[in-house]
Amino acid sequence: MTIASHRHLLNGLVPTEVALGSGPKFTGKTMFHNPGFFRFCLFLLILYLSLVPFSLSVAEISFNRDVLPILSDNCFKCHGPDQRTRQASLRLDLKESTLWTENPVIQPRDVGNSQLIVRIVAEDPMRVMPPPSSKLELTSEQIKTLKQWVAVGIV
Ligand code: HEC
């Protein structure tokens, strides 16, 4: 496999003298010395960096990795798998269980009408979840994650 046999792949990426010949004509330049190629790499890098925050926040939210730990730390005490301590017949340990009840606490893709979100952002201490008496409190980052999870349709 020589450089010359793959010159169709190298067109525009390497200086012509490198693409056409090998041996004595090789100038020591590689495609990384080509300013066009360098700019192309830079373009890819910028494109990648600009897409990363978007993909992390929307496409890659995961119930098990991102949402479950928040719910288990802050909600399971009263809305978990243990039926004896469960409040309001609401269990949040299964993603489907948020939709099982007669009045589901989540309306997928409708953050404003999802009670789960309404209750965690409530200002009224009688309404806000987790209740202040539990000494549990969600961070704004955690609230953001839960909102995004509902906004993308509880994936
Ligand atoms: C210390 C116990 C406790 C914790 C912790 C707790 N809750 Fe609750 N939750 C309750 C009780 C009691 C009720 C029923 C009374 C009421 O609606 O305020 C309730 C009701 C709710 C409701 C309304 C249910 C319905 O059918 O309308 C939602 C939604 C809710 N909780 C979400 C959460 C979320 C989300 C968390 C965690 C971020 C959480 N709760 C943590 C005790 C708790």
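The values are calculated or read from the model by the stated rules, or taken from the named source; none is laboratory data. Computed from a prediction, not measured in an experiment: that's the story for all the values here. Here the Cβ positions follow ideal geometry from the backbone for every residue, glycine too, while neighbour counts run over all protein chains shown.
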message: Checking the structure you have, find out if any residue of segment 38-56 is among the β-branched types (Val, Ile, Thr) and at pLDDT 90 or above.
response: no
- prompt: Mind checking which residues of segment 112-150 are under 21 Å from Ser62 (Cα atoms) and touching a residue at least 60 places away in the same chain (Cβ under 8 Å)?
  reply: Leu138, Gln142, Thr145, Leu146, Gln148, Trp149
- request: Name, by its number, the condition in (1) surrounded by 14 or more Cβ atoms within 10 Å (Cβ to Cβ); (2) closer than 16 Å to Val155 by Cα that does not hold for Pro69.
  value: (1)
- prompt: Is there a residue being exposed (fewer than 15 other Cβ atoms within 10 Å of the Cβ) and at pLDDT 95 or above anywhere in segment 95-104?
  reply: no
